Structures are given as C-alpha cells and as structure tokens.
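Single-structure report; data block below.
We did not get these values from a lab; they are worked out from the coordinates using the rules stated. None of the values given here were measured: they were computed from a predicted structure. Here the Cβ positions follow ideal geometry from the backbone for every residue, glycine too, while neighbour counts run over all protein chains shown.
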Amino acid sequence: MNEPSSPTGGAAGGAFPPTHWSVVLNAAHNNTTRAHQALSRLCETYWFPLYALARRRGYSPEDAQDLTQAFFAQLIEHDWVARADRQKGRFRSFLLLAMNRFLLREWDKAHSLKRGGQVHLLPLQLDTAETRYALEPANTTTPEDAFEKQWVLTLLEEVLRQLREKYERAGKGALFDALKSCLVGSRETQPYAELAARLGMSEGAIKVAVHRLRDRYRDGITREVARTVGSPGEVELELRHLFHVLARG
C-alpha cells in the first residue's frame, strides 16, 4: 500500500469533515445527541485495539472482553472525554491513555461489572475478538505497540468496508473483490492480463479501474484518519505516524 501523497488540510479531495472526534471534543461539556452518536460510532469501530491491549497485558479472553465493554461503558457514563487534552486531540492517543489508566486504577470496579449489568453497553462485536486476536503472531512487542498495530489494521479494515459498500451500492461488488488485492504492491507487478481475462474486460480498462480504486482507497484512509483527530492540522502527522507503525511491522 502506498502512502497518500500530501494529505494536507484534512481529507483528500475535500474539506476536513466536522464529524466524529472533532464533534465529540467540541461538545465535550454538552451532552448532545450528535456528539454521543459520534463517540459511539468511534468506539464501535475501534474497540478491538483495546481488547488486544488487555490481552497483551495478560488478561484472559473473558476478562479482556469484560474490561473492554466496561471501559466504554464508564467512558460514556462518566464523560471522560470532557477531561481530554485538546492539545493532544487524537482519539487514538486519548483511548490508549484512558485505557491504561482504567486498567491500573479501576480493575476492581470493572471486574464487578457483568455482561448485561445495569450499564449502557455498546454493541461491540466481542464474539469475534479472540478469533481476530489469535491471528496475530506471538511476539515480544509491548502492549502499547500491539495497540498501535491493531489501530492501524482496524482503520484500514474500516476503510475497506466502507469502500466495498460503495462499490456494492453501484452494483460493482464483484469488481471490488477481484481488484482489492491490487491495493498493495507496485503497479508493475499487478496481474492486469489475468484480471482482464477473468472479468472479461480489456487490460486497459482493468488498469483504469485499479487506478480509481487506489485513489479512492487513499482518499478513504485520509478521511477516516480525519475522523479520529481533533483538527485539520493533525491529519498529516497522524498519517505519517500510522504508516510508520505499519512499516515497522
């Protein structure tokens, strides 16, 4: 995957979207419906890196699930966002710091929270947690490194999910499935001829379709990153950091 070029000023191809984390931060002291929905959307998308963090700290799958759900329940109930540092306004950084504090200081309280208790639980797909975690190779990385790696992978998965939905709505879901492998690697190594024969298209048409898919993927990454930071100026720095995390493996 190639890094987006010059993603300045927010999302590529458009203005910085005033959604999600920026909305949450701006309404931190005002419990608006829009801010609550934006925070819920972010939590439901980015819960798995926190599960991986808890597992890497030695918690069992069951305890890691309970901790992750309890963390988000208390985050919303106690309005921890109101205490977020606006000068360090990335959702990734906020979540990591808040979860580490939660694990250190509130284990007893979290352990007493049972599934289905008297708290508002977000609809996290925790049934897939250990299956996803088991796919990760055993290594000696720190829990924070594991969190950051899973953050990047989760963000990329979300971009692919959104992109596939767009292709499906246009009646091109099969085309997306056939071309998505072309999102990685150089253009010179792509199996254009093979894809053209399989899809009944000209090689030139395949190259154009791959080019468009790559452009949309890059734009999607930039837009998704924009949703997790607090200002347009943070987008490029966050992109550079995330691609550095991805490169170090």
For the pair Ala174 and Leu97, how long in nm is the line joining their label points, each one 7 Å along Cα→Cβ? 5.1
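Please compute the contact order of the stretch 21-248 in relative form: average sequence separation of alpha-carbon pairs under 8 Å and at least six residues apart, divided by the residue count, as a percent.
Relative contact order, the stretch 21-248: 28 percent.
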With no solvent and one point on each alpha carbon, what is the Debye value of log10 I(q)/I(0) for the stretch 21-248 at q = 0.08 Å⁻¹? -0.35
Using θ = phi - 60° and the Karplus relation 6.51 cos²θ - 1.76 cosθ + 1.60, list the HN-Hα couplings for the stretch 38-48 in order, rounded to whole Hz, with x at every Gly or Pro. 5, 5, 4, 4, 5, 5, 5, 7, 10, 6, 5
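Please compute the length gained on full extension between Gln37 and Thr189, using 0.36 nm multiplied by the number of residues separating them and subtracting their Cα-Cα distance. Show your work: numbers first, answer last.
Working: separation 152, 0.36 × 152 = 54.72 nm, distance 4.26 nm.
Taking 0.36 nm per residue and subtracting the Cα distance, the gain is 50.5 nm.
Rank these for me by crowding, Met99, Met201, going from fewest to most other beta carbons within 10 Å.
On the way: Met99 22, Met201 17.
The order, fewest Cβ neighbours first, is Met201, Met99.
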Sort out for me the Cα centre separation of the stretch 201-216 from the stretch 39-87, rounded to whole Å. 39
For the stretch 149-156, what does the Karplus curve 6.51 cos²θ - 1.76 cosθ + 1.60, with θ = phi - 60°, yield as ³J(HN,Hα) per residue in whole Hz, taken in order and with x for Gly and Pro? 4, 5, 4, 4, 5, 5, 4, 5
A correct Karplus calculation of ³J(HN,Hα) over the stretch 166-183, with 6.51 cos²θ - 1.76 cosθ + 1.60, θ = phi - 60°, whole Hz and x for Gly and Pro, returns 5, 5, 5, 4, 8, x, 10, x, 5, 5, 4, 4, 6, 9, 4, 5, 7, 6
Of the listed peptides 65-73, 190-198, what is their order by residue-averaged count of other C-beta atoms within 10 Å, with the highest listed first? 65-73, 190-198
